[in-house]
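Read through the structure below, which is laid out as structure tokens, and then see the notes.
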Amino acid sequence: MTVRGLWRRVLPLRRGSSERSQAVVEFALVGSIFFMLVFGIIDTARLFESWITVQHAAREGARYALTGRGDCDIASDDRLACIEYEAKEAAIGLSGGPEAVDVTVRMWEYPDYADPPTEGSAGVACDNIEVEVEYDHHMMTPVISAIIPNIPLSGRERVINEPFGRCGGTEY
């Protein structure tokens, strides 16, 4: 066999081997970008879901607060504890569960609703009440979570308590 014949026989093996190596390197480069994009979309969807859940929890807590009730599923007749319980139960879909959210209740007194609000009070009839739910959302993708470890989310809902009693001396 001549040198030329030997060269033709060895060269295709080298070409195939180098082409396979090139394909692996290209896949590593393009694949990492593709998977980062896919997981970034998934993380964004999870973030949006968490934001919606936090907003819903604040709305549910305020909705319970405006009724003036104090008879929730917990073994307490404390109205403030019931408002917090209802807001946390509405946040059950978040990772970490209801314990991962912080609920703050503020109240402005009827009729002037002047600042500053009274924090930690559920108020009485016709008072303005606000329920705020806070949650730290943690990203799932390791590279993204290294850049952005957590994103604080906050939801607020402000309502006026129903006139379940007298409002400023007037019966409704």
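A few comments on the model shown:
- Note on the chain: with charges restricted to the Cβ of Lys and Arg (+1) and Asp and Glu (-1), its dipole about the Cα centre is near 2400 debye.
- Cα long-axis angle, helix 3-65 against the chain (0 to 90 degrees, to the nearest 10): 0
- With a Förster radius of 41 Å applied to the beta-carbon distance between L37 and E89, the computed FRET efficiency rounds to 0.70.
- The relative contact order of the range 49-166, computed from alpha carbon pairs under 8 Å that lie at least 6 residues apart in sequence, is 30 percent.
- Rg ratio (alpha-carbon, reference 2.2 N^0.38 Å) - the chain: 1.90
- Value at 222 nm in deg cm²/dmol, rounded to 500, when DSSP H runs of n ≥ 4 in the chain each add -39,500 (n - 2.57): -17000 deg cm²/dmol
- Acute angle (nearest 10 degrees) that the helix 79-90 long axis makes with the longest principal axis of the chain, alpha-carbon atoms: 20
- With both labels modelled 7 Å from their Cα along Cα-to-Cβ, the N150 to D102 distance reads 0.9 nm.
- Between A125 and R158, the distance separating the two model label sites (each 7 Å from Cα on the Cα→Cβ line) works out to 2.4 nm.
- Here the ratio of the Cα radius of gyration of the range 28-120 to 2.2 N^0.38 Å is 1.54.
- Mean-square fluctuations from a GNM of the chain, with a 10 angstrom spring cutoff on Cα atoms, peak among M36, M139, M107 at M36.
- Inter-label distance for F48 and D115, nm, one decimal - labels placed 7 Å from Cα along Cα-to-Cβ: 3.4
- Sorted by Cβ density within 10 Å, fewest first, the residues W51, W108: W51, W108
Only the coordinates and a few stated rules stand behind these numbers; no lab work does. These figures come from a predicted structure and were not determined experimentally. Quick reminder, even Gly has a Cβ in these numbers, built from the backbone with ideal geometry, and neighbours come from all protein chains shown.
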